[in-house]
Structure formats: C-alpha cells, structure tokens
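Presented below is the structure to which this report refers.
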Amino acid sequence: GLSPNTESLHLIVFYTTGSGKTTQVPQYLYEAGVGRQGIIAVTQPRRVAAISLAARVSEEKTTKLGSLVGYTVRFEDITCNETKIKFLTDGMLLREAIGDPLLRRYSVAVLDEAHERTVHTDVLFGVVKAAQRKRRELNKAPLKVIIMSATMDVDLFSEYFNRAPVLYLEGRQHPIQIFYTKSSQSDYLHAALVSIFQIHQEAPASHDILVFLTGQEEIEAMSRTCREISKQLPSDSAAMWVIPLYASLPHLQQLRVFQAAHKGCRKVILSTNIAETSITIPGIKYVVDSGMVKAKRYNPESGLEVLAVQRISKAQAWQRAGRAGREDRGLCYRLYTEEEFEKLLDMTVPEIQRCNLASVVLQLLALRVPNILTFDFMSKPSPGAVRAAVEQLHLLGAVERQDNQIHLTLLGKKMSAFPLEPRLSKTILLSQDFHCTEEILTIVSLLSVDSVLYSPPAKREEVQAARTKYTSSEGDHITLLNIYRAFKNVSGHKEWCRENFVNSRNMNMVSEVRHQLRNICGKLGMRFESSRSDTGNIRRCLAHSMFLTTAELQLDGTYVTLDSRQLVAIHPSSVLFHCKPACVLYNELVHTSRRYMRDLCLVDPEWLYEAAPEYFRRKLKGGKG
DNA sequence: GAGCACTGC
C-alpha cells in the first residue's frame, strides 16, 4: 500500500477507474500523521467533484462536513481552523498561492485528475515544484506532492518531478469489447445512426447506449431523427427514449440521464464530451464513439481562438470506452477503423498549449515567478504565445520591461486580484476615472459568464418583441445592463425570466460574480460611484480598456479590426446587427462561417486615441491623426 | 443575414 512516510517528496499515483483512490489517499495520509504539520490539500478540476468528495470523506470519518474534512471552491468556503483534509478546485489553490507562493499552510498537495491537464493543473505543477524547492532552501517543513493520474504517460510526469517513484492502483474496471469499422466513414453522423439502430434491434432493451457527438445542434438534430425512426419501427421492437445531453441544457433536463427507462424501453443518450468526465451515467452497456470532438485551438499570430470539430486523442477514446464498463462488462463501437485509431495522438494537447495566455502570465507574475519565459512548465507553451500574452499585458499597462526583465506594474498587481481576464479587470479599475464603477461591475460580470440570453429559433418574433424594451442603440453592453437592472427590479423573478427569454441560472451567477468583484474592489479601496443615466461615461470607460478589440466601418460597408486589420462582421445576435456604426468595440471574435464580433459597443474613435495615442497613431486610418 | 466543446478563479 501507500507509505506516506517515505523520504521522497514526490509520488506519482497511476490508477484505473474504480480504485477509490481519491477518497482513500487523503485518509491514509491523515492517519499516517501527515496532517499534523499542516493541511492536506486535494485539488480537483471541477467544483462538484471537490464538494461531493469532501462530503464522502467527511462521512467516512464520521465527522461533520466543514470540521476535520472541508472544501473551498469559488463563492463557498466550508472549512474551519480544525480542518486537516481540504478539497479544493485547482483554480482555488492557485488563487491561494498568489497570497502565499510557499503554500505554508499545507503539508501535502495532492493534485488529482492530473491527466486532464487543465490550465490550472499545469500551472500548479510548476507552483508546487517551486514551493517545494524554496521550502527546502529555507529549511522549512517539506511540502509533499502527490500527483494522481488515470492515463499512462508515466515518463512525462515522473521525469518532470525529478524521477518520482510511481505507484499503480488497480481498479475494478470491467472488460470492454472494442469494435472498429471495417472501412473509413465519411459521415460519422450517418454511421452513428446505423450503429444505434443496429444495437437497438439486437440487444435487450435494458441495455443503455451512450453516443459521443460534438455539439448541441448536431445532438438535437440526431435526437429528432432517432425519435422519428424509432416510431416507424415494427410494433414488436422496443420503444426508445432519446435523451440529449450537453452543458448549456437546463439542469433539470440534464438530470433526466439518471432516470431509469420504463421496462421494455431503451435509453439512448446523445452527449457531448460532458459525459467523458463531468457527468458519469450509471448502467451504460454500449458506447458509440464518433471519434470527433469540438475543441478550442489558438493561433498566437492572429490572436484568434477557433472552436473546431477535430479528431479525439487515443486517451480520449479510452476514456469514452471506459464509460461502458462501470458496473458490468461493456461494448464500445468506434466509428472509425483500427488504422485510424492508431494514427490518433496519444494524449490530448494540454489546454495550456491551446489558449490565450494573458491570464496565466499575469498570474505567474503575481506569484513572483522570476522569469516567465523560462518557467518550468511540464509542457511548454510556444514562445510566440507567451510573447503575445506579454505584449497584450504591456498594452494594458499591467507589465513593464526593465533590464530585459518583465515586472508587474501597480495596476497589474491590482488586476491580478480579480478572477477575470486581464482586460476585464482593467475595465473595473479604470471605471473609477469615469465615475461608473457600479455599472461597469454589472457589465463585466455579465461578460464573464455564459450568455444570460437565450433565443429559441422557433420563437424568434416573441424573443425580439421581449427584447425591444431593453434594447439600446448604443450596443449590447448597455442593453445587457438594462436587462440586469430589470432583473433586479423584479428580484430575479422566474416568471419574468421566462417571459423575457433570460436564463435565470446564468443571471443568478452574474449576481454572485458581481458580489465577489465588488468585495475585491472594496479591499482595493475603490469608491463605488454610479453614472446613473449617463451611458456616455460607461462607453468611454469601455473604450479605454478594450481598445485592443475594436473595428471600423469601411467604405464598402464591411468592418476591419483595428489591431490586425482582419475582415470581420457584426454577429446577428447583436442589437447593432442592422446598424452600421462607424466604430465599435467588441467583447469577442467567433470564427464560424465568417469572423463575427460578438457583444458590441458603439464608441467614438477619439476616445480610442485618448486611451492609447501611440498605438492608434499607427493603427487608425481615416480619423484624425 | 447566424449559431454556442468543456471547465474555472
């Protein structure tokens, strides 16, 4: 078993599912007395996992949750002075590290689900490694580090952690039979449909099927097709209950996947990769794997993030297959050939190599990492991506260069206090100068969560009629502000949300985020002023902080971005869609059939000059200069 | 004249 008294400071634990390691490992450590010198931290990529694991371990120790065993996630801290085993999200431990890079309160850091390689986990690898070294140098109590991973890239992990010893835990995974297609499939949707109905004809109705597809639209279309076909089957065939599953689905509808089907009826779940890790559905006998996933890619040269359908990795394929063998032996139909499988990447490219690094770099600087460019990442992001991030932070005034070193400015230090993208933190800090902090807090909160508006295509006219009351000719930011105010005026009433096609779950999230951001402002000693009906100030403030994402109207009626002169268009969801404003800022670019600007605000080009004179002398043609 | 994988501070 485990020997937590080992002299070695690192341990890598590899496991297969069903080994119960996440609940057991912290308890072994505690019983071995590791908790006497400090708290045992156990990180998870997801909130729900941190919360439910804390509850389970607390129950196993027959203690009250929040005493010996507790958890800390955003908006919630269920710990006390006696807490010795603390579950937290990896992002939360990273936040704590900014205040204390040596992680002094902790005797052990257990980083769980390391194979998922989230940005936060990857940064934490470097943070705990550095904390460990510094504690040794300063002759402080050692920090033990345990990495737990479900995949077999032993070498990468062990090499990074100075050839740490590796422990294997065998789980109770049931065998899974894998089937490949004989020939390559050009249409995975058609192949999925054929597979579903083939299984449906042959297997007992009690055998549930889980199908991995790529996105909401595809899943909804496939659900309709399956329902139609199943109705036309001969009367002696079993009925079919088709359940779509994706993250933006209302919570109650997501819960349907846990209900048992009626006797003689087959459950077919059509899911995105949410069912790979986030939602574990019991009783799955068959997995149908399209081999595809929708995932983000980042191009540092253009600064563009693109969401694209692409092939999964071998690790993902095994993860998907594993969803069939949780209670009994299972079967997995891969809608691709064995040769195609062999050509897949072994591991999914870590997120840190596929995203904009502005937040990460700001966080590392706040952690007082001496040199960003030589930071000890397990998988280094490209130098181009790091440079692009530093450049972006430089333009925002968050960093300055001195003797070839990069330092955080006072502004940058304040920015790092907010759990936001740097440009949004900057907006909040600037709002003081424009006397509109209350309004900007609302707008930033709205921009930092998933869309609060939903627009069912079938009810287009109703949606538009409901929206006009709140629509501002100044753009989406002010429109969203109006909607938030209306939401608050009716105290977040559910009926009002339904009538106005507002997602109340996301809107409540906005309230929580706003509350948190406002507290941080208070700690920074900011004043809370309201611009009331003066929206000009608000837009001026946005122009001063988001000048990097702006576009101007050209003579031919199209738009080009001011930073890299890319051709862009106004997204049809914008209130400015029918308008042709001369100059706008936008919150994000989405690359689909075209490059669309989403969430726009009308601005005066002169404000952009004021915000960054040198920058725009080079960039802006046409206007004054 | 369109469309949104998934997390998280």
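Remarks
- Highest-first packing order for the peptide set A:494-503, A:552-561, A:36-45 is A:36-45, A:494-503, A:552-561, based on the mean count of other beta carbon atoms within 10 Å.
- Long-range tail of P(r) for chain A (Cα pairs > 31 Å, %): 58
- Restricting segment A:93-141 to trypsin sites (Lys or Arg not before Pro) that sit in a DSSP loop and have at most 16 other Cβ atoms within 10 Å of their own Cβ leaves A:104, A:105, A:140.
- Scalar couplings 3J(HN,Hα) for segment A:393-402, obtained by applying the Karplus form with A = 6.51, B = -1.76, C = 1.60 to θ = phi - 60°, are 5, 5, 5, 7, x, 8, 10, 9, 9, 9 Hz; x denotes Gly and Pro.
- Residues with amide H under 5 Å from that of residue A:106, placed H, sequence gap 5 or more: A:39
- Accessible surface computed residue by residue for segment A:356-409, with neighbouring protein chains in place and a 1.4 Å probe, gives 47 Å² per residue.
- Relative packing of peptides A:578-584, A:106-112 - highest average C-beta neighbours within 10 Å first: A:106-112, A:578-584
- Per-residue ³J(HN,Hα) for segment A:501-518, Karplus 6.51 cos²θ - 1.76 cosθ + 1.60, θ = phi - 60°, Hz, x for Gly and Pro: 6, 10, 7, 6, 4, 5, 5, 5, 4, 4, 4, 5, 4, 4, 4, 5, 5, 5
- Taking amide H atoms as placed 1.01 Å from N in the peptide plane, the amide H of residue A:167 lies under 5 Å from those of A:12, A:13, A:14, each 5 or more residues away in sequence or on another chain.
- Of the solvent-accessible surface of chain A, computed with a 1.4 Å probe and all protein chains present, 51% belongs to carbon and sulfur.
- Summed over the residues of segment A:547-592 and divided among them, the accessible surface reaches 44 Å² per residue at a probe radius of 1.4 Å.
- CD proxy at 222 nm, helix term only [per DSSP H run n ≥ 4: -39500 (n - 2.57); per residue of chain A; nearest 500]: -11500 deg cm²/dmol
- Sparse-neighbourhood loop sites, GluC sites (Glu not before Pro) in segment A:172-218 - DSSP loop, at most 16 other Cβ within 10 angstrom: none
- For residue A:159, the shell of other residues with beta-carbons less than 13 Å away shows a net charge of -1, using +1 for Lys and Arg and -1 for Asp and Glu.
- Summed over the residues of segment A:10-169 and divided among them, the accessible surface reaches 41 Å² per residue at a probe radius of 1.4 Å.
- Applying the Karplus relation 6.51 cos²θ - 1.76 cosθ + 1.60 with θ = phi - 60° to segment A:574-590 yields 3J(HN,Hα) values of 6, 5, 9, 4, 7, 9, 10, x, 5, 8, 9, 10, 9, 7, 7, 9, 10 Hz, where x marks Gly and Pro.
- The trypsin sites (Lys or Arg not before Pro) found in segment A:234-285 that occupy coil by DSSP, while having at most 14 further C-beta atoms within 10 Å, are A:263.
- Residues whose amide H comes within less than 5 Å of that of residue A:267, counting only those at least five positions distant or on another chain, are A:209, A:241 (H built at 1.01 Å from N in the peptide plane).
- Taken along the Cα-to-beta-carbon direction at a fixed 7 Å, the label points for residue A:528 and residue A:174 span 5.5 nm.
- Exceeding the 24 Å Cα-Cα cut-off - candidates A:86/A:140; A:413/A:488; A:134/A:413; A:426/A:523; A:21/A:64; A:21/A:343: A:413/A:488; A:21/A:343
The values are calculated or read from the model by the stated rules, or taken from the named source; none is laboratory data. Predicted model only: the values in this text are computed from it and were never measured. In this analysis, Cβ positions are derived from the backbone assuming ideal geometry, glycine residues included, and neighbour counts consider all displayed protein chains. What goes into the accessible areas is simple: the full protein's heavy atoms, side chains included, and nothing from ligands, DNA or RNA. Shrake-Rupley method; radii C 1.70, N 1.55, O 1.52, S 1.80 Å.
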